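A quick write-up on the structure given underneath.
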Amino acid sequence: MKYISTRDKNLKVSFEQAVKQGLAPMRGLFMPENYIKLPAEFWANLFDMSLPEIGYYVGKEYVGDEIPDEDFKKLCSEVLNFDIPLVRVKDKIYSLELFHGPTCAFKDVGARFMARCLGYFSQRKNEKTVILVATSGDTGSAVANGFLNVPGVDVIILYPSGKVSEIQEKQLTTNGGNITALEVNGVFDDCQALVKTAFANFDTKGKFKLTSANSINIARLIPQSFYYYYAVKQVKSYDSVICVPSGNFGNITGGILALKSGLPVKHFVAATNANDTVPQYLQSGVYTPKPSVQTISNAMDVGDPSNFERLDMIFSHSSKEFGATISSYSFSDEQTKKKMSVIYQEYGYMLDPHGAVGMLGIEKYLRDNTSDAPGIFLETAHPAKFLDVVKSAVNTEPILPEALKKCLDKPKTSIKMENDYKELEKILAERYL
Ligand SMILES: *Cc1c(COP(=O)(O)O)cnc(C)c1O
């Protein structure tokens with residue numbers, strides 16, 4: 001498989017190049033040059049396959065012979081060594097629990113896959129790689145955990161000061177080793193802009209490779225398609241509707257890649273919080289990015305979703321085509337909290353604020369379309385990651401998973417900086433030039 005850019009279709013690079021560069025020239029995003037075609041026996045056996053097997057067969061189509069089959073099989077079994085169960089919440093509504101990984105959020109899947117691919121490629125060439133990653137909360141910790149102690153790779157995380165939960169901050173700032181946390185006086189979009197500016201302007205003088213681990217990296221995106229096949233396997237239906245609580249729209253783009261490969265799903269729903277740029281786009285046909293606003297589902301506080309450009313390319317720059325495959329709705333914090341409370345009281349299921357937006361989305365779609373299709377929403381984080389919000393919504397303390405307990409006891413270490421590219425440049429130059 002070769003990879004093209006959303007901004008230059010004549011550019012074609014290998015998987016390795018796309019992973020290492022992160023961003024294509026002129027801030028383009030890499031995309032597979034065509035949709036994968038899975039062999040008939042894959043579809044015939046889907047209902048019997050394990051998650052690592054699905055990852056191997058699907059991933060192989062994207063990676064080709066750039067990682068030998070045996071190594072790639074091992075890589076997939078390491079990355080996907082936790083389950084992603086589909087749990088019934090109520091009649092015909094299922095939660096795809098993506099939070100059973102080491103940092104308790106779905107981003108573990110993409111970050112671990114990318115870390116191991118990059119580790120494989122740089123190990124062979126003895127290169128130094130610096131990963132720059134902006135996070136609204138969960139990306140940073142998943143990436144840090146995926147790369148912790150990977151030789152030859154340093155990770156620098158930029159996060160918005162005071163805009164992530166206490167547990168998230170601990171997960172970002174207690175790693176040590178090859179992981180550094182920069183606490184930016186700004187919002188997530190500022191962090192993302194700083195990272196993009198560094199990629200466009202920082203001169204590494206050939207001393208190291210600067211790369212990204214945000215959802216814009218193709219090695220984050222590809223594995224985010226694996227669990228959609230696994231969801232269909234578990235629901236055992238060919239006409240389910242899947243709702244993805246969305247921020248940068250990387251997770252749902254993984255789902256659309258799966259759909260385009262022939263995955264039998266009837267429709268997708270992208271549920272957002274008050275950051276309603278995409279729902280507005282589907283209504284008006286005009287894409288108008290906005291500054292992000294802060295909500296209780298903070299990992300989705302994105303006003304200019306970076307993967308919109310990929311979806312726009314997939315849907316031939318047509319809002320009609322986009323809307324025929326994906327419906328999109330925005331929900332308020334009030335609605336989200338109420339949903340968390342009602343679902344806990346009536347069904348005993350504890351939602352996190354992101355999954356709750358997903359649940360609102362799937363229920364609205366099925367109701368508005370009087371559909372009795374099985375509805376799946378992606379539960380993207382463990383509720384314990386958002387203690388305060390969850391406690392106030394459901395009046396009960398979520399049980400902390402072991403992985404989260406550990407980092408709470410460690411002291412926070414971060415470098416504070418203003419929202420100023422010059423400061424970032426200085427930090428990079430002092431360390432690596
Ligand atoms: C990142 C994140 C999202 C949003 O995913 P995108 O790929 O950015 O759309 C949703 N929920 C949680 C918990 C997240 O960490």
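The values are calculated or read from the model by the stated rules, or taken from the named source; none is laboratory data. None of these values were measured; they are calculated from a predicted model. In this analysis, Cβ positions are derived from the backbone assuming ideal geometry, glycine residues included, and neighbour counts consider all displayed protein chains. The area values use the complete protein model at the heavy-atom level, side chains included, leaving out ligands, DNA and RNA. Shrake-Rupley method; radii C 1.70, N 1.55, O 1.52, S 1.80 Å.
Couple of notes before you dig in:
- DSSP-assigned coil residues among trypsin sites (Lys or Arg not before Pro) in segment 381-433, each with at most 16 further Cβ atoms within 10 Å: Lys412
- A straight chain from Lys207 to Gln280 at 0.36 nm per residue would run longer than the Cα-Cα distance by 21.9 nm.
- Accessible area (Å², per residue) of the chain, counting only protein heavy atoms and a probe of 1.4 Å: 38 Å²
- Its relative contact order, with pairs defined as Cα atoms under 8 Å and 6+ residues apart, puts segment 1-110 at 18 percent.
- Both radii come from the Cα set of segment 87-154: Rg as radius of gyration, Rh as Kirkwood radius; their ratio Rg/Rh reads 1.14.
- Estimated purely from DSSP H runs of n ≥ 4, each contributing -39500 (n - 2.57), the mean residue ellipticity at 222 nm for the chain is -13000 deg cm²/dmol once divided by its residues.
- Calculated over the chain: convex hull of Cα atoms, volume per residue (Å³): 130 Å³
- Charge-dipole axis of segment 253-341 as Lys and Arg at +1 and Asp and Glu at -1 on Cβ define it, positive-most pick from Tyr287, Ala274, Thr336: Thr336
- Phi to ³J(HN,Hα) by Karplus 6.51 cos²θ - 1.76 cosθ + 1.60 over segment 149-163, Hz, x for Gly, Pro: 6, 6, x, x, 10, 10, 10, 10, 9, 10, 10, x, 4, x, 10
- Relative to the Cα centre, the charge distribution of segment 88-139, modelled as +1 at Lys and Arg Cβ and -1 at Asp and Glu Cβ, gives a dipole magnitude of about 180 debye.
- Once the Cβ-Cβ distance of Asn10 and Thr288 is raised to the sixth power relative to R0 = 25 Å, the FRET efficiency obtained is 0.30.
- Heavy-atom accessible surface of segment 240-394: percent carbon and sulfur, 1.4 Å: 47 percent
- Shape index of segment 262-402: Rg/Rh, with Rg the Cα radius of gyration and Rh the Kirkwood radius from the inverse mean 1/r over Cα pairs, equals 0.99.
- When the convex hull of its Cα atoms is viewed from all sides, segment 232-317 shows a mean projected area of 6.0 nm².
- Eligible lysines near Lys412 by straight Cα distance, threshold 19 Å, same-chain separation 8 or greater: Lys163, Lys170, Lys385
- Each Lys or Arg adds one and each Asp or Glu takes one away; over the other residues whose Cβ falls under 13 Å from the Cβ of Ser14, this sums to -1.
- Using heavy atoms of the protein chains and a probe of 1.4 Å, the accessible area assigned to Tyr35 is about 90 Å².
- When the C-alpha to C-alpha distance is required to be over 28 Å, the pairs from Lys364/Lys406; Lys74/Lys125; Lys20/Lys236; Lys233/Lys364; Lys337/Lys405 that qualify are Lys364/Lys406; Lys20/Lys236.
- For Lys2, the accessible area of its heavy atoms, probed at 1.4 Å with every protein chain present, is near 90 square angstrom.
- Cut-off under 5 Å, modelled amide H: who pairs with Tyr94 long-range: Val89, Gly375, Ile376, Phe377
- His317 sits with roughly 120 Å² accessible to a 1.4 Å probe, with DNA, RNA and ligands left out of the calculation.
- In a reduced charge model with +1 at each Lys and Arg Cβ and -1 at each Asp and Glu Cβ, segment 48-171 shows a dipole moment near 320 debye about its Cα centre.
- Whole-angstrom gap from segment 105-165 to segment 259-277, using each part's C-alpha centre: 26 Å
- Placing +1 on the Cβ of every Lys and Arg and -1 on the Cβ of every Asp and Glu, with no other charges, gives the chain a dipole of roughly 540 debye about its Cα centre.
- In this structure the amide hydrogen of Ala24, modeled in the peptide plane, comes within under 5 Å of the amide hydrogens of Leu29, Phe30, none closer than 5 places in sequence on its chain.
- Hz values of 3J(HN,Hα) by residue in segment 182-188 - Karplus curve (6.51, -1.76, 1.60), Gly and Pro given as x: 9, 9, 8, 6, x, 9, 4
- Projecting the Cα atoms of Asn395, Leu378, Leu408 onto the charge dipole of segment 367-433 (Cβ charges, centred on the Cα centre) puts Leu408 farthest toward the positive pole.
- Per-residue packing, averaged as other Cβ atoms within 10 Å, sorts the ranges 6-12, 150-156, 232-238 into the order 150-156, 232-238, 6-12, beginning with the highest.
- Extension reserve of the Ala44-Tyr347 stretch, reckoned as 0.36 nm per residue once the Cα distance is removed: 105.6 nm
- Sequence-distant residues sharing a close amide H with Ala270 (under 5 Å, placed H): Val244, Ser327, Ser328, Tyr329
- Using a probe radius of 1.4 angstrom, the carbon and sulfur fraction of the accessible surface of segment 8-163 is 47%.
- Karplus 3J(HN,Hα) series, Hz, for segment 245-250 with 6.51 cos²θ - 1.76 cosθ + 1.60 (x for Gly, Pro): x, 10, x, 8, 6, x
- Between the exposed loop cleavage positions of the chain, defined as GluC sites (Glu not before Pro) in a non-H, G, I, E, B DSSP state with at most 15 neighbouring beta-carbon atoms within 10 angstrom, the longest gap is 128-433.
- Cβ-based net charge around Gly355, under 10 Å, with every Lys or Arg adding one and every Asp or Glu removing one: -2
- Taking only alpha carbon atoms, segment 167-269 gives an Rg to Rh ratio of 1.08, where Rh is the Kirkwood radius.
- Dipole orientation for segment 1-106: of the candidates Asn45, Cys76, Leu29, Leu29 has the Cα lying most toward the positive pole (charges on Cβ; Lys, Arg +1; Asp, Glu -1).
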